[in-house]
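The values are calculated or read from the model by the stated rules, or taken from the named source; none is laboratory data. Only a predicted model underlies this, so the values are computations on that prediction, with no experimental measurement involved. Don't worry about glycine lacking a Cβ; one is built from the backbone with ideal geometry, like all the others, and counts go over all protein chains shown. To get the accessible areas, we keep the full protein, side chains included, count just its heavy atoms, and leave off ligands, DNA and RNA. Shrake-Rupley method; radii C 1.70, N 1.55, O 1.52, S 1.80 Å.
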Amino acid sequence: MPEYTISTRGGSDWPDVPAGDLSAYLLPKSLECEVVDDDGVLVFRAGKATVTVSWELGGTWYIDIEGSESTGSADQLAAEIAQQLGDATGAEAVHHKVAD
């Protein structure tokens, strides 16, 4: 199960993203997704994958992807979520894989 973190390129904390509407900021626009939970933690399905995106301590977001078709598709999902977050907040986002 691939896991990723998303931080700002400069290492500063993220601007606030309103809880209860995370899908508006984080849901990949290039995929057909089904939102499972959008209250404090975003959980959605994209194809066979179940993706959880949550705010973590230390100014980072955490992504957990279960059931992705391949490592490449999981990497692409994480990259798109990071891009969406950066676009929504005006901060430059970088994502890092922390586990396969």
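What to note about this one:
- Filtered residues of region 1-23 (kept if over 18 Å from residue 72 (Cα atoms), surrounded by 13 or more Cβ atoms within 10 Å (Cβ to Cβ) and not hydroxyl-bearing (Ser, Thr, Tyr)): 14, 17, 22
- Which numbered condition residue 90 fails, given (1) free of Cβ contacts under 8 Å to residues at least 40 places away in the same chain; (2) within 19 Å of residue 25 (Cα to Cα): (1)
- Test set (1) open to solvent by less than 40 Å² (accessible area, probe 1.4 Å); (2) at pLDDT below 95; (3) of a type outside the set (Lys, Arg) - residue 71 fails condition number: (1)
- Within region 41-54, being open to solvent by 30 Å² or more (accessible area, probe 1.4 Å) and not hydrophobic (A, V, I, L, M, F, W, C) holds for 45, 47, 48, 50, 52.
- Cβ-Cβ distances below 9 Å connect the following pairs, each with a first residue in region 64-82 that is polar (S, T, N, Q), a second residue that is assigned to a helix (DSSP H, G or I) and open to solvent by less than 50 Å² (accessible area, probe 1.4 Å), and a separation of six or more residues or different chains: 68/74; 68/77.
- Residue match in region 33-40 (condition: among the aliphatic types (A, V, I, L, M), without any contact (Cβ under 8 Å) to a residue 40 or more places away in the chain and open to solvent by 50 Å² or more (accessible area, probe 1.4 Å)): yes
- Residue selected from region 9-47 under the condition at pLDDT 90 or above and polar (S, T, N, Q), by the criterion farthest from residue 90 (Cα to Cα): 30
- Filter pass, residue 50 being modelled with pLDDT under 95 and within 23 Å of residue 96 (Cβ to Cβ): no
- Scan region 74-96 for residues that are open to solvent by 20 Å² or more (accessible area, probe 1.4 Å) and either of a type in the set (S, T, N, Q) or closer than 15 Å to residue 49 by Cβ (or both) and the total you get is 7.
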